[in-house]
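Undergrad: Quick one: structure below, then a few questions.
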Amino acid sequence: MKHLFLKYLVLCSILLSGMYTFAQTNTITGTIKDNTGMPIPGANVLIKNSTNGVQTDFDGKFAIKAKPEDILVASFIGMKSIEIKVGNQKTINIKLEEEGAKLEEVVVVGYGTRKKKDLTGSVVSVGAEEIASRPVQNAVQAMQGKAAGVDISSNERPGTVGNINIRGSRSITASNSPLYVVDGIPLNSGGIDFINPNDIESIDVLKDASATAIYGSRGANGVIIVSTKKGKNGKFTLNYDTAVSTEKIHEFAPLMNAGEYIELRRWARYYSNPSAFAPGNAPTIANDKDIFLATADPSAWANIEKGWAGGTWDGSKVSTTDWTKYVTQTGVTQQHTLSVSGGTEKMKAYGSFGYLDNTGTLKGQSYRRYNGIANVDITPTEWFSMGANINTSYGLNEYGLSNVGRSAVASSDGIYITARQNLPYAVPLDADGNRIQNPGGDSTIRNVYQEYKYSQDQRLTLKIFGSFYAQLDFGGFSKKLDGLKYRVNFGPDITSYRNGVFLNGQSSARSGTSFASLEKNQVISYTLDNLILYNKTIGKHDFGATLLQSQTQYTYEVSTMSAENIKNPENKWNALTPQNVTLNNYSSDFAEKGLFSYMGRLTYGFDDKYLVTASLRYDAASQLAKINRGDYFPSASLAWRIDKENFLQDISWLNALKLRAGYGVTGNAAVDPYDTQPPLTQVLYSTSSGVLNNQKLGNFGLGWEKTTQYNYGVDFGLFNNRVSGSLEYYTSKTNDLLFERSIPSVTGYLTTLQNVGKTKGNGIELTLNTTNVKTADFEWSSNLSASYQKSTIVELQNGKFDDINNTLFIGQTQGVIYGFEYNGVWRPEDAEEMAKFKDPAGNPIFTFGNARPVDQNGDYKISPNDDRKVLGSTEPKYIAGLTNTFNYKNIELSIFIIGRFGYLYNVGGENLSGKTSQRKLDYYTDDNTDGEYQKPFFSAGTGDIYNSIFGYKNGSFLKIRNISLGYNFEEDFVKTLGLSRLRVYMQAANPGMIFSKVKWVDLDTRTTFSNRGFTLGLNVQF
């Protein structure tokens, strides 16, 4: 009985213990968010020292069974892991902090991805968060000021984008544009402006040759890789993003009013012919009738007569016409994007529709774009996956007044500049309301009133871009083959373009006759890649290999026609038939080129400390000479993660430190097809036709332009990663430039393309991210991208001899200002010195008030051969972009600043010819001998022949590009609305300059005017 009792006692104890244990196992729920309060999908929640764990869903939520004594470990890539004891808690909400996120993030490096900490080349990334931080109309705008070493110019015309230059200019004749890669497929035509910025997940810029050489011939000018958004694990979500912007033109250079300009023209007439005209300070009505063409435009003269109404001249009585008001308007931009995303382990999908409607600040200019994207990734088995991505864009660009079909002498710099040149005392309509064709009576000045009714340049673009792939993972068949994959990529790229132009005879661009033209072209290309990928980890050794065979085919077709004297203006360019018009020009063209490539890349890492990447690519480009079409492009790079070394483990303030060094050779074959063997030129005679030699001589030995680059960099994270970034130094040498040189005309040709000349460059780039202040509710962070760059010409077609005719100089950058140096204005106190300058006949060259150039050789002659010099470079040495972000609870304020420094900008000399209107300035007269600018001199051309010396200015500036204020609504409130996320924001665009060396020019847009405006936006997630 005793033993039986003991057995029952032990059994009851075990049962009670099990019941106690079971009673203490609870389901713990919670949400994991980042430090901004956003949920983190895909975060891991594990019970410490076990294999039990779960992942958070799309809303960052999780549920896991745990005991009170268990410890939960929450983690996510790029975040600090955190441990929390369960205890009596039923709900545990977790906030993860960043830990070296900049080094942990994944970037695209070409035919694959790598963690930033494992990179050996120079790569800079712009993520979706940065792109969404300010509403932009295209992906190019999103990158501006965000990537060190990448210079992007500004262009405010609707439907157009600025130029991108990575690490300076290398080529002189061939293109310096970077290669664009979208979802793994290189673009064969156009840029990335067709992509809706809201559909972009990341933009990765490959800058040094060790990174870009993977693309061989097309990587010489850098590579910009765009990855669009994909579906992710979790429930399907619906997102709606919208923004409305209004803009107006801000003018930096006010014009003279009518009275001021009338006085200037009088002085200009007097100084051009003192015997025929009275001085500007002693006007007569008889002189004015002659000066202001009273009979040619009675309406303008009637306005001037107001100043003589009292018998003596009073310029304040003359009305001033602001011609710009007839061509400007309030610009309104709407952006709408509706997207859906989600998926499972087997299938993920993303789709969106975007609409952009941009009405420009100039009448007649607008842009509408429709975007549609759909992609799906399917993994039906562990050994096979496939996916498809279709990105379509339809753009309708009303370009406004262009130079196509221009026959008038008036300005060719666009409608706004044309309006600014109209005379302030002239009026657009006569007393009967009729439009005056030549306001002021000058045949070279055309009326811009309602110009948008008389001219149209409509550009329609349809682009369809695809990225398809299929991948076999051989590890799904056998563990011995784990890491071995075969992948095929196919990327079709189709662009259809139509440009229709119509100019009424009354347009300011025409001289009385109408004009219409039509251009249609289409580009069809594709890229087919076959890839073998292998990655293997053995102990502390990480191996990777990539093999590529690639083929690209490109076909271009274009046809154009134009005519004058269009009988029915309503037809515009749509009825250019023999029955309606006589064609004065028509043509068609066809071009085809291809690229065939092989590539191999090896990567090796030991102990997560020592990293090596090496690649070799072979490209054969059809547009080069047959004997030189193919060439090899090698690269190699090393990296050392010093922070992993034992001797640095005790340094608490050092979180990350990596040294990098790279070498690579890239090629440039950016010349047109058939440039090695130019076709004959057709010529038409009255009764027959024939052919002539092309003006360009073919070169059957034309080969690659090659750039060799070395790059040295350091990546760092300090003070718990509150300070992180990278510092780069690079040098580059480009040989065998694709150079279009002049040849003696006795050969029967004028130019030929040859591989001659050399350039070199070097630079320093800094990317710096700092968390300046951080408390429980407030954070201030800064992101700086800054660079120094210098590129110089080493040799030209004749060796180390300057090419003055093309302003190319050994030891200088490609963009230089070569001219006479500024030395002020000749004044009465300079009489003795001025008298020493005489022409061969002994007559004085200068008079008081003339522009005064520097006599460089002191011979008292101003000669273009002896007295011009290189005054400076038009390429900025220093480029910077700075974003300061302030977060207080749910409120976010950010300020984005950009700047360019260390260069000259030619604003154009003030000719003061009294021919067209004039901005307000201080000019020399007999009454104002201290004037800053020269005296006016009436002429149909340039006025003072040395007026250009006043145009060369220091172009340095620092500008506030954007100020943004946003608010994220509380999660509890958002849930009551049936939403997952709700954010509203307001932004100010281009609010002003911090400093500028030229006060009357916006040195960012490089015009006297730019747009300023406000945006109101909304981000909603359902």
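The values are calculated or read from the model by the stated rules, or taken from the named source; none is laboratory data. If you're wondering where the values come from, they're calculated on a predicted model, not measured in any experiment. Note that each Cβ is placed from the backbone with ideal geometry, even for glycine, and that neighbours are counted across all protein chains shown.
Undergrad: If Thr444 satisfies every condition in (1) assigned to a strand (DSSP E or B); (2) among the hydroxyl-bearing types (Ser, Thr, Tyr); (3) out of contact with any strand residue (DSSP E or B) (no Cβ under 8 Å at 6 or more places or on another chain) but one, which is the exception?
TA: Of (1) assigned to a strand (DSSP E or B); (2) among the hydroxyl-bearing types (Ser, Thr, Tyr); (3) out of contact with any strand residue (DSSP E or B) (no Cβ under 8 Å at 6 or more places or on another chain), only one is false for Thr444: (1).
Undergrad: How many residues are in contact (Cβ under 8 Å) with a residue 40 or more places away in the chain and either farther than 30 Å from Tyr449 by Cα or in the same structural domain as Tyr497 (by TED's automatic domain parsing) (or both) when one looks only at segment 348-384?
TA: 14
Undergrad: Still on this structure, please answer the following. Which of the residues that make up segment 322-375 are of a type in the set (S, T, N, Q) and farther than 30 Å from Gly42 by Cα?
TA: Thr324, Thr328, Gln329, Thr330, Thr333, Gln334, Gln335, Asn358, Thr359, Thr361, Gln365, Ser366
Undergrad: Where the second residue is surrounded by 19 or more Cβ atoms within 10 Å (Cβ to Cβ) and the first is without any contact (Cβ under 8 Å) to a residue 40 or more places away in the chain and lies in segment 649-662, which pairs have Cβ atoms under 9 Å and are six or more apart or on separate chains?
TA: These pairs meet every condition: Gln649/Asp643; Ile651/Asp643.
Undergrad: Examine segment 747-755 for a residue that is in contact (Cβ under 8 Å) with a residue 40 or more places away in the chain, surrounded by fewer than 18 Cβ atoms within 10 Å (Cβ to Cβ), within 30 Å of Asn884 (Cα to Cα) and among the aliphatic types (A, V, I, L, M), and state whether such a residue exists.
TA: No, because not a single residue in segment 747-755 is in contact (Cβ under 8 Å) with a residue 40 or more places away in the chain, surrounded by fewer than 18 Cβ atoms within 10 Å (Cβ to Cβ), within 30 Å of Asn884 (Cα to Cα) and among the aliphatic types (A, V, I, L, M).
Undergrad: Which pairs have Cβ atoms under 8 Å, sit 6 or more apart or on different chains, and link a residue in segment 399-411 that is over 20 Å from Gly941 (Cα atoms) to one that is of a type in the set (S, T, N, Q) and modelled with pLDDT under 80?
TA: Within 8 Å, the pairs are Asn403/Ser412.
Undergrad: Spot the failing condition for Ile627; the list is (1) aliphatic (A, V, I, L, M); (2) under 33 Å from the mean Cα position of the chain (by Cα); (3) surrounded by fewer than 16 Cβ atoms within 10 Å (Cβ to Cβ), and only one is missed.
TA: With (1) aliphatic (A, V, I, L, M); (2) under 33 Å from the mean Cα position of the chain (by Cα); (3) surrounded by fewer than 16 Cβ atoms within 10 Å (Cβ to Cβ) applied to Ile627, the lone miss is (2).
Undergrad: If we scan segment 382-400, do we find a residue that is within 24 Å of Ala253 (Cβ to Cβ) and not β-branched (Val, Ile, Thr)?
TA: Taking every residue of segment 382-400 in turn, at least one turns out to be within 24 Å of Ala253 (Cβ to Cβ) and not β-branched (Val, Ile, Thr).
Undergrad: Is it true that Glu557 is outside any strand (DSSP E or B) and acidic (Asp, Glu)?
TA: no
Undergrad: Okay, moving on. Give me the pairs: first residue in segment 848-863 and surrounded by fewer than 19 Cβ atoms within 10 Å (Cβ to Cβ), second residue in a strand (DSSP E or B), beta-carbon distance under 8 Å, and six or more apart or on different chains, which are they?
TA: Close Cβ pairs satisfying both conditions: Val854/Phe820; Val854/Tyr822; Val854/Asn823; Gln856/Arg868; Gln856/Lys869; Tyr860/Lys838.
Undergrad: Return the residue satisfying two criteria in turn: it lies in segment 363-389 and is out of contact with any helix residue (DSSP H, G or I) (no Cβ under 6 Å at 6 or more places or on another chain) and farther than 15 Å from Lys348 by Cα, and of such residues it is surrounded by the most Cβ atoms within 10 Å (Cβ to Cβ).
TA: Result: Gln365.
Undergrad: Among the residues of segment 589-640 satisfying the criterion of being of a type in the set (Gly, Ala, Ser) and assigned to a loop (DSSP other than H, G, I, E, B), which is farthest from Ser189 (Cα to Cα)?
TA: Taking the candidates together, the pick is Ala625.
Undergrad: Here is a list: Asn434, Asn447. Which entry is at pLDDT 90 or above, surrounded by 18 or more Cβ atoms within 10 Å (Cβ to Cβ) and of a type outside the set (D, E, K, R)?
TA: Answer to the check: Asn447.
Undergrad: What number of residues within segment 155-164 are buried (at least 22 other Cβ atoms within 10 Å of the Cβ) and within 19 Å of Lys877 (Cα to Cα)?
TA: Residues that pass the stated criteria total 1.
Undergrad: Restricted to segment 725-739, and to residues that are aromatic (Phe, Trp, Tyr) and closer than 11 Å to Gln789 by Cα, which residue is surrounded by the fewest Cβ atoms within 10 Å (Cβ to Cβ)?
TA: This residue is Tyr729.
Undergrad: Enumerate the helices (runs of 4 or more DSSP H) found wholly within segment 196-307, keeping only those where 3 or more residues are in contact with a helix residue (DSSP H, G or I) (Cβ under 9 Å, 6 or more places away or on another chain) and touching a residue at least 40 places away in the same chain (Cβ under 8 Å).
TA: Helices (runs of 4 or more DSSP H) meeting the threshold: 258-272, 298-305.
Undergrad: With the condition kept exactly as written, say whether any residue in segment 225-247 is charged (D, E, K, R) and within 25 Å of Ala989 (Cα to Cα).
TA: Yes, some residue in segment 225-247 is charged (D, E, K, R) and within 25 Å of Ala989 (Cα to Cα).
Undergrad: In addition: So which strands (runs of 3 or more DSSP E) are wholly in segment 925-1007 and hold at least 1 residues that are closer than 26 Å to Ser894 by Cα and in contact with a strand residue (DSSP E or B) (Cβ under 6 Å, 6 or more places away or on another chain)?
TA: Strands (runs of 3 or more DSSP E) meeting the threshold: 957-968, 981-996.
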